[in-house]
Amino acid sequence: MTIRLGGDYLYLTHQLKLMGTQIDIAVDATEPQKHLAHVVELLHHYKKRFSANDWDSELMVINDKAGIKEVVVNSELYELIALGKYHSLAQPSNLNIAIGPLVQTWRIGFSDARLPAQDTIAAKMPLTNPRDILLNPSKHSVYLRHKGMKIDLGALAKGYIADQVIAYLARQAATAFINLGGNVLVYGDNPKRADGFWFIGIQDPDKPRGQIVGRIKLKNQSVVTSGIYERRLVVQGRSYHHLFDRVTGYPIQTPMASLTVVADASIDCEIWTTRLFGLPINQALELLNQTPGIEGLIITKDRKLLLSDGLGSCFYAVYQ
């Protein structure tokens with residue numbers, strides 16, 4: 001859809017399915033068709049680099065060579081793995097980029113999802129230690145110490161990709177909005193509002209998609225939500241979500257229903273939603289308040305909304 005806004009600028013929107021999610025892009029610029037075409041090229045480019053589910057991705061080469069040999073990789077892939085390892089080893093953190101063996105065992109979110117046997121999960125746990133991801137910064141090489149290890153960048157890649165897309169559009173003097181399956185990043189003034197702000201809806205975890213608990217007002221920032229409602233496996237009436245406990249190998253047991261983080265960079269949102277999701281509520285809220293440039297919203301299963309100190313003036317509740 002194209003809407004003429006006046007002058008030489010056009011507001012152009014585009015939607016596609018890629019990386020297992022729906023992606024929405026809006027661009028306000030002089031030649032928006034050209035910019036959107038390049039954005040789609042970038043999305044395919046990064047999918048081939050970071051995917052843990054495509055046999056021909058650059059990441060999959062590392063996983064296939066686990067326990068066999070080191071793999072020299074592109075600098076972007078190396079830096080994202082190094083960043084992921086750093087935050088996987090940080091304390092406290094529920095982020096673990098070595099969790100690939102568990103993700104591929106449960107397969108929650110895929111058509112072949114299943115409840116693994118307890119001994120199967122126990123056998124995978126020794127393969128999920130991020131300390132066994134060995135990095136050589138001088139060679140940009142990655143070596144997984146044990147056969148069967150698998151890096152999964154699902155908790156980071158969308159944020160990194162969104163940041164790269166927006167960086168390109170910013171260089172073109174474009175105003176832009178991108179939503180990578182709930183990972184939202186905006187740049188410039190919203191052309192549909194006189195004040196230029198964007199209002200991003202926060203999903204109500206207890207209600208159908210599109211029903212929200214409120215909206216966050218922002219400019220030149222990202223919003224990312226992690227929640228137990230997005231992907232589920234139901235077996236004999238019991239529901240299992242896709243966010244795994246790095247200690248037990250089972251979905252995290254937590255009073256949180258969702259955690260939303262707001263930051264300037266989408267990669268930071270991804271990191272902190274994953275690091276903090278499932279921590280004790282008071283600890284997660286304290287870390288949101290103590291971490292510079294990071295704000296957040298926690299929704300509990302008993303429908304409490306908890307805001308970090310800096311988010312109160314930007315959040316508008318919706319009463320339904």
* Structure fact -> Labelled set (1) 32, 25, 18; (2) 35, 22, 20; (3) 25, 24, 23; semi-axes √(5λ) of the Cα gyration tensor in Å computed from this model equals the value at (1)
* Asked: Got a sec to turn the phi values of region 172-180 into Karplus ³J(HN,Hα) couplings, 6.51 cos²θ - 1.76 cosθ + 1.60 with θ = phi - 60°, whole Hz, x for Gly and Pro?
  -> 8, 6, 9, 8, 8, 9, 9, 10, 9
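What does the helix-only formula give at 222 nm for the chain: each DSSP H stretch with n ≥ 4 adding -39500 (n - 2.57), the total divided by the residues, and the result rounded to the nearest 500 deg cm²/dmol? Spell out each step's value before the answer.
On the way: 8 runs with 91 residues, N = 320.
After summing the helix terms and dividing by the residues of the chain, the value is -8500 deg cm²/dmol.
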* To do: Work out the charge dipole of region 24-136 with +1 on the Cβ of Lys and Arg and -1 on the Cβ of Asp and Glu about the Cα centre, then indicate which of Thr120, Ile108, Tyr46 is farthest towards its positive end.
  => Thr120
* Counting only C-alpha contacts under 8 Å and six or more residues apart, can you give the relative contact order of the chain as a whole percent? => 15
* Asked: Which FRET efficiency, nearest 0.05, do Thr248 and Ser138 yield, Cβ-Cβ r, R0 51 Å?
  -> 0.85
* Could you state the angle between the C-alpha long axis of helix 75-89 and the longest principal axis of the C-alpha atoms of the chain, as a value from 0 to 90 degrees rounded to the nearest 10? => 70
* Asked: If we count every other residue with Cβ under 14 angstrom of Gly278's Cβ, Lys/Arg +1 and Asp/Glu -1, where does the sum land?
  -> +2
* **Rounded to 10°, Cα long-axis angle of helix 266-276 versus longest principal axis of the chain** => 50
* Asked: Using +1 on the beta carbon of Lys and Arg, -1 on that of Asp and Glu, and nothing else charged, what's the dipole of region 139-214 about the Cα centre, debye to 20?
  -> 480
* Structure fact -> Expressed in nanometres to one decimal, the distance between label points 7 Å along Cα→Cβ at His38 and Arg209 is 3.0
* Structure fact -> Cα-Cα longer than 21 Å, checked against Lys47/Lys192; Lys85/Lys150; Lys17/Lys158; Lys47/Lys150; Lys47/Lys139; Lys17/Lys85, kept in input order, equals Lys47/Lys192; Lys47/Lys139; Lys17/Lys85
* Loop sites only, by DSSP: take the chymotrypsin sites (Phe, Trp or Tyr not before Pro) in the chain that have at most 11 other C-beta atoms within 10 Å and name the longest stretch containing none of them. => 56-318
* Structure fact -> With x for Gly and Pro, the residue-by-residue ³J(HN,Hα) of region 190-197, computed from phi through the Karplus equation 6.51 cos²θ - 1.76 cosθ + 1.60 at θ = phi - 60° and given in whole Hz, is 5, x, 9, 10, 5, 7, x, 7
* Structure fact -> The set of residues whose placed amide H lies less than 5 Å from the amide H of Lys150, leaving out same-chain residues fewer than 5 positions away, is Gly100
* Structure fact -> So, relative contact order of region 1-142 in percent, Cα under 8 Å, 6 or more apart, is 15
* Structure fact -> Rounded to the nearest Å, the spacing of the alpha-carbon centers of region 125-199 and region 247-305 is 18
* Among all the lysines, which ones have a C-alpha under 27 Å from Lys304's C-alpha, if same-chain residues fewer than 8 places away are not counted? -> Lys207, Lys217, Lys219
* Taking Cα atoms, how many degrees apart are the long axis of helix 32-50 and the longest axis of the chain, rounded to 10 and kept between 0 and 90? -> 10
* To do: Would you mind telling me the share, in percent, of accessible area of the chain contributed by carbon and sulfur at probe 1.4 angstrom?
  => 50
* Per residue accessible area of region 201-296, 1.4 Å probe, in Å² -> 43
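The values are calculated or read from the model by the stated rules, or taken from the named source; none is laboratory data. Computed from a prediction, not measured in an experiment: that's the story for all the values here. When we count neighbours, we look across all protein chains shown, and the Cβ atoms used for this are built from the backbone with ideal geometry, even at glycine. Quick note on the areas: whole protein, heavy atoms, side chains included, nothing else; ligands and nucleic acids left out. Shrake-Rupley method; radii C 1.70, N 1.55, O 1.52, S 1.80 Å.
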